[in-house]
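> Sending over a structure as structure tokens; questions will come in a sec.
Every number in this text was worked out from the coordinates using simple rules, so none of it is lab data. Given the structure is predicted, the values throughout are model-derived calculations rather than measurements. Reconstructed Cβ throughout: ideal geometry from the backbone, glycine too, with neighbour counts over all protein chains shown.
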Amino acid sequence: MDPIDNCQRAVDGARAVIATVRPEEMAKSTPCSEWDVRGLINHMIGTCQSFAGGLRGQALGQGPADADPAGDDPAGAYGRAADALMQEWRAPGALEKTLKMPFGDMAASMATSIVVGDQTIHTWDLAKALGRPHTMDEELAADTLQLMEQFGNNPDMRGPGKAFAMPVECPEAASIQERLIALSGRTP
């Protein structure tokens with residue numbers, strides 16, 4: 001699978017769910033205990049902005065920090081951030097770059113997987129918070145599950161205040177989506 005195409009599919013899926021959010025739903029709680037719907041959308045926008053900045057040579061997380069980038073138009077704000085990110089990914093040589101991550105340098109080709117996983121899982125979180133059914137793109141979910149199985153069991157990444165909650169038990173026969181959600185610390 002093409003990593004740029006995967007990113008496009010992930011942000012398109014997120015864009016579709018964010019477009020359904022009504023103003024009165026912005027304060028709903030999400031499976032991410034630290035964020036309500038507004039906070040989750042702001043995180044998703046911020047991830048797009050941060051990786052776009054990283055592809056321009058900035059250290060991730062060092063770009064402009066708008067406290068509420070979603071504002072009164074979360075779908076528009078997300079769309080602009082996702083479009084800017086995809087423009088950077090499509091620039092010649094983007095996949096050969098090295099991004100300055102908080103934990104060290106990372107090949108941009110690997111960073112695509114982080115963006116895909118982040119946006120795919122958080123799109124599910126958003127749909128769950130809104131009470132809307134959501135089926136992840138199975139190929140993106142399978143790739144993200146594989147990445148999480150390889151790298152997501154680092155104890156420095158699990159627990160309160162960290163990237164992921166502790167995994168939730170899930171039957172081996174569960175779907176890829178259910179296994180990914182459980183491994184990311186959410187109840188499928």
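> So, in nm, how far is label Val168 from label Ser109 when the simple model puts each one 7 Å beyond its Cα toward the Cβ?
Output for this residue pair reads 3.5 nm.
> In a GNM of the chain with a 10 Å cut-off on Cα contacts, which of Asp36, Asp83, Asp73 has the highest mean-square fluctuation?
Asp73
> If you don't mind, there's one more thing I want to ask. With respect to the cross-link table entries Lys100/Lys128; Lys128/Lys162; Lys28/Lys97, which display a Cα-Cα separation exceeding 28 Å?
Listed pairs above 28 Å: Lys100/Lys128; Lys28/Lys97.
> Quick one: among Ala14, Ala27, Ala108, which has the greatest mean-square fluctuation in a GNM of the chain with alpha-carbon springs under 10 angstrom?
Ranking Ala14, Ala27, Ala108 by mean-square fluctuation puts Ala27 first.
> How much length is gained on full extension from Arg132 to Met26, taking 0.36 nm per residue of separation minus their Cα-Cα distance?
Numbers: separation 106, 0.36 × 106 = 38.16 nm, distance 1.43 nm.
Extra length from Arg132 to Met26 when fully extended: 36.7 nm.
> Work through the residues other than Glu139 whose Cβ is under 13 Å from its Cβ and net out their charges, Lys, Arg +1 and Asp, Glu -1.
Neighbourhood net charge equals -4.
> Let me ask something else. Applying a 10 Å radius around every beta-carbon, put 15-21, 48-54 in order of their mean neighbour count, most first. Kindly include the intermediate steps, with their values, before the conclusion.
On the way: 15-21: 17.7, 48-54: 24.1.
Ranking, from highest mean packing down: 48-54, 15-21.
> Report the residues of the stretch 149-188 in range of a label on Ala16: point 7 Å along Cα→C-beta, backbone N strictly under 20 Å from it.
Under 20 Å, as judged by backbone N against the label point of Ala16, lie 175-181 of the stretch 149-188.
> So what is the relative contact order of the stretch 3-183, in percent, for Cα pairs below 8 Å that sit 6 or more residues apart?
Numbers: 232 pairs, mean separation 42.4, N = 181.
Dividing the mean separation by the residue count of the stretch 3-183 yields 23 percent.
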